[in-house]
1. Between the stretch 72-94 and the stretch 113-147, what's the alpha-carbon centroid distance in Å?
2. Take residue 155 and residue 193, extend 7 Å from each Cα along the Cα→Cβ direction, and tell me the distance between the two endpoints in nm.
3. Just subtract the alpha-carbon distance of residue 249 and residue 83 from 0.36 nm times their residue separation and send over the number in nm, one decimal.
4. Relative contact order of the stretch 283-368, please, whole-number percent, based on alpha carbon pairs below 8 angstrom and at least 6 residues apart.
5. Express the C-alpha Rg of the stretch 54-156 as a ratio against the empirical globular expectation 2.2 N^0.38 Å, rounded to two decimals.
6. Considering only protein heavy atoms and a 1.4 Å probe, what is the carbon-and-sulfur percentage of the accessible area of the chain?
7. Students often forget the sequence filter, so: which lysines lie under 23 Å Cα-Cα from residue 339 once same-chain residues fewer than 8 apart are removed?
8. Which of 67, 151, 257 moves the most in a Gaussian network model of the chain with Cα springs under 10 Å?
Amino acid sequence: MKYIFFYSFAILSLLFLFGCKQNDAKEKTKISAVANSVKYAKGLELYKYEGFTVMKVTKPWPDATTEFTYILKEKYGVVPDSLKQYPVIPVPIQSIVVTSTTHIPALEMLGVENTLIGFPSTNFISSSKTRKLIDAGKIREVGVNESLNTEVLIDMKPDAIVTFGINNNNSTIDNLKKSGLNVLINGDWTEQSPLGKAEWIKFFGALYNLDTKANSLFTSIETNYNNALALANKTTTQPTVLSGAIYQDQWYVPQGESWVSLFFRDAKANYLWKETKGFGSLSLPFEKVFEKGKNAEFWIAPGDFSSLKQMSESSSHYTEFDSFKNKKVYSYAVNKGPKGGIVYFELASARPDLVLKDLIKIFHPELLPNYNPFFFKKLE
């Protein structure tokens with residue numbers, strides 16, 4: 001009888017082990033089978049499973065060798081053991097602290113701005129909708145991004161703190177994590193593709209379990225952008241463009257692979273430094289810029305100046321350019337929020353379709369005869 005028992009036990013054990021291996025194989029297959037739902041952004045990956053989402057921030061800052069993985073768990077979701085090594089964040093979140101004004105438009109577009117309970121330096125926020133929440137005392141000051149007020153944040157206990165990093169050395173973030181708070185690194189600012197930046201709305205969509213809405217909003221922006229791009233492709237002219245301004249005796253121009261330069265390319269303008277390599281700003285002496293840009297037809301984004309008078313008072317050199325003499329200087333700095341925050345800095349990355357249409361209107365007004373530029377205004 002005991003032989004029958006041991007035989008049966010051995011058979012059941014083998015079946016159990018075989019079943020576990022099958023389940024493990026199924027789990028691995030299931031985890032690897034889902035496609036990344038992000039199309040343009042180079043630093044974000046989203047993998048949606050039944051009951052949870054795997055979010056990967058693969059480029060948190062330039063030249064990063066560190067990646068961040070977050071598991072966004074729905075109420076009845078079951079997270080596989082293989083993923084429990086990563087931070088598990090229950091979603092949808094009900095409260096949030098963000099640290100960049102570029103995060104504000106995503107919250108408003110998703111209709112969840114009421115969940116924002118903290119922000120550093122609230123005067124920088126331009127949106128009237130979120131400013132009403134600030135004025136009503138519903139959004140607290142939490143220091144500055146480089147040194148967030150740890151005590152205040154621990155007291156607030158937000159479901160998520162979304163911040164950004166310049167490198168991997170941030171003691172404030174480390175302390176917040178040790179305190180048990182959910183801190184997520186957002187790398188939207190590292191994206192250079194106009195649509196890549198805008199696609200980070202999916203990051204917030206995943207936190208609020210509003211993936212469908214985020215995808216729909218982004219698809220609308222993508223469609224508008226591509227329609228504007230197709231319109232620009234109809235032109236046969238490419239006016240020359242100068243950009244940037246003097247800061248501490250050096251002129252800073254956007255490099256040829258930068259976000260700004262790509263807009264000029266898509267708007268069918270001949271940006272004078274389009275051939276340079278790099279994603280940031282190029283520092284040049286005034287003489288070099290004047291030599292190349294003196295006869296440029298347009299001057300876009302001359303720093304934060306909001307009038308030609310301000311420019312000439314700052315430096316008489318500005319008045320020597322043809323674009324200044326012909327009053328073809330356009331700035332993003334005219335459109336400001338109630339506390340002086342520049343709307344462009346907050347909203348442009350979320351609405352590249354509007355930026356592109358602004359530039360097309362400036363360079364090729366015949367293509368958009370009834371369009372009124374949103375961000376860029378002609379300086380008087």
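1. Their Cα centres are 28 Å away from one another.
2. With each label point 7 Å from Cα toward Cβ, the separation is 4.4 nm.
3. In short, 54.6 nm is gained.
4. 24 percent
5. Against the empirical 2.2 N^0.38 Å value, I get 1.23 for the stretch 54-156.
6. 54 percent
7. 129, 132, 138, 309, 377, 378
8. Of 67, 151, 257, the most mobile in the Gaussian network model is 151.
The values are calculated or read from the model by the stated rules, or taken from the named source; none is laboratory data. If you're wondering where the values come from, they're calculated on a predicted model, not measured in any experiment. Glycine gets a Cβ as well: all are built from the backbone with ideal geometry, and neighbour counts include every protein chain shown. With ligands, DNA and RNA removed, areas are computed over all heavy atoms of the protein, side chains included. Shrake-Rupley method; radii C 1.70, N 1.55, O 1.52, S 1.80 Å.
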